[in-house]
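Rule-based calculations on the coordinates, nothing more; no lab input. Just so it is clear, the model here is predicted, and its values are computed rather than measured. FYI the Cβ positions are ideal-geometry reconstructions off the backbone, even for glycines, and counts take in every protein chain you see.
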């Protein structure tokens, strides 16, 4: 079974043991999935050892884990819908949110082929501009948001885009809250906090409060995922301090979880990172916050440089965007100005295929860096703009 060749989805589903799926409980499957590294954004192996991972690439393992997780959710839903058709229907339902990402695929008449292309496009990040040490972390650590969306879609496909928007906003608020709790914040911790602040300010709507975010997290999988994301955010310096542990305890209580859940999550992240730090270059960093921020900056810098001509051409058509970007180098933009920049930049990204990364879960986190680096990396565009203004 080759996840890079046509026909792999049908073959994989045929190989999956029905007994293995039916005998595995929801929480047990999630823990097994986490042990593969899927939740952490670094796929070391395949869930339930259904496929031996030795000859597979990181991307292929990620494809298999994503598809197997979708299939597990599908089997537990006891729906009469066809699996492949339901998953395509889900991606089409959310395609307005990620329209520049999937719309060119919808002309494919074969369901199997269409889904294979969707899965590939969903997880594939052009490794020409992502450093190996980044290891797909930025985008693929949030793939489980897609899974939670699919679970909701099978139960009720109404307002699925609203659900995903609310889930992403709630996750951002909760993660941002734990990062603020860190007592000894390094320079890079501060930068990450600013990155989250900027990302939240770029949203079109007001972000939820912490209590509103908590009230949105209701299902067992949502709760387990939130706890793991918070532990990941707390673990950026490889130490979970007293204030962070108190936050985790409060989170545990707010979500009405057993005390063992937090302990298990902390143990799991320690075990995974310690066992696989040699396999995943991103984890070998002395400070994950530093590595995350540095690599995010590299991604944005390379994206701007690689698309400089088109960006200059597109930006030159919006004097307001050019003016605000120029002003951002001299002062902090207001929330309204940030939202104007967001709207105009996202419109530009839709017209440039390689910038579709910003339409994925987690992609918005890079937007403040984009605003920061554009004037520095494309100075001629702003020089030209100033000459025209004169």
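Some points to look at:
- Here each label is just a point 7 Å from Cα along the line to Cβ, and for residue 120 and residue 246 those points are 5.2 nm apart.
- Arranged from fewest to most other beta-carbon atoms within 10 Å of their beta carbon, 63, 14, 340, 34 become 14, 340, 34, 63.
- With neighbours defined as other Cβ atoms within 10 Å of a residue's Cβ, the residues 336, 267 order from fewest to most as 336, 267.
- Additional length obtainable on full extension of the chain from residue 11 to residue 376, 0.36 nm per residue less Cα span: 126.5 nm
- Extension gain, residue 336 to residue 26, is 107.3 nm, computed as 0.36 nm per intervening residue step minus the present C-alpha separation.
- Each part reduced to its alpha carbon centroid, segment 210-228 and segment 58-92 end up 22 Å apart.
- By the count of neighbouring beta-carbon atoms within 10 Å, fewest first, 55, 228 end up ordered 55, 228.
- Normalised by the number of residues in segment 1-81, the average gap of Cα pairs under 8 Å and 6 or more apart makes the relative contact order 25 percent.
- In this calculation the C-beta distance from residue 110 to residue 165 is compared with R0 = 30 Å, giving a FRET efficiency of 0.45.
- In this structure, residue 209 and residue 260 have a Cβ-Cβ separation that, at R0 = 30 Å, corresponds to a calculated FRET efficiency of about 0.60.
- Extension gain for the segment residue 351 to residue 320, taken as residue separation times 0.36 nm less the Cα-Cα distance, is 9.3 nm to one decimal.
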